[in-house]
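All of the numbers you see were taken from the coordinates with simple rules; none came from a lab. Remember, predicted model here, so these are calculated numbers, not experimental data. Every residue, glycine as well, gets a Cβ built from its backbone with ideal geometry; the counts of neighbours run over all protein chains shown.
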Amino acid sequence: MRTVSLTVNDVPHEFELDPRELLVYVLRERLGLTGTVVGCDTSSCGACTVLLDGESVKSCTVLGVQADGHEITTIEGLAESGALHPLQESFHEHHALQCGYCTSGMVLAAVSLLAENPSPSEDEIRHALEGNICRCTGYQNIVDAIGAVAQ
């Protein structure tokens, strides 16, 4: 076991973790943050995407001990003072979700993209989402939602 300190959604936490424990399970099982979805456990789908120090990562590929000393943002941490993040609002307005399984990962990947490139082209948006799979949509509404926030 190893003692790990990390900040999740601006709240500091300390855990005793097995070095093999994946970050996705630390978030879901230890903190109850079920917006981080376990989709494939192979890093193929992106449903488990979170922000690690502002960069999007697939939390099924990060060990909890690797997050020691770092700041993590999950979908639950995006809303401020009860108001949805602009990307969450835009996904709603543009019907960019259907079943919702991939949505948190898509939104967090988009947050990371817009932090790096506030005005991406449609091709840049699509490229940034290549690691996130949606099985319900044709992606156009997702791209439109991100593009609307970028403008």
Problem set entry | Calculated FRET efficiency for the pair E55/Q98, C-beta based, R₀ 25 Å, to 0.05 | 0.40
Problem set entry | Dipole of the chain, positive end: most advanced residue of S44, L33, V149 [Cβ charges, Cα centre] | S44
Problem set entry | Evaluated over the chain, the Cα radius of gyration and Dmax, each in Å | 15.1, 47
Seminar exercise, completed: If unit charges are put on Cβ atoms (+1 for Lys and Arg, -1 for Asp and Glu) and the dipole of the chain is taken about its Cα centre, the option from H127, G82, C99 lying farthest towards the positive end turns out to be C99
Problem set entry | Options G69, V4, G54, ranked by Cα towards positive dipole end of the chain, top entry (Cβ charges) | V4
Problem set entry | Net dipole in debye of the stretch 86-150 [+1 Lys, Arg Cβ; -1 Asp, Glu Cβ; about Cα centre; nearest 20] | 240 debye
Problem set entry | Computed magnitude of the charge dipole of the chain (debye, nearest 20; Cβ of K, R +1, Cβ of D, E -1) | 420 debye
Exercise. Expressed as a whole number of Å, what is the distance separating the alpha-carbon centroids of the stretch 99-149 and the stretch 43-64?
Worked result: 15 Å
Seminar exercise, completed: Computed about the Cα centre, the charge dipole of the stretch 2-76 from +1 Lys/Arg and -1 Asp/Glu charges at the Cβ has a magnitude in debye, to the nearest 20, of 220 debye
Seminar exercise, completed: Rounded to 0.05, the calculated FRET efficiency for the beta carbons of E89 and S43 at R₀ = 30 Å is 0.60
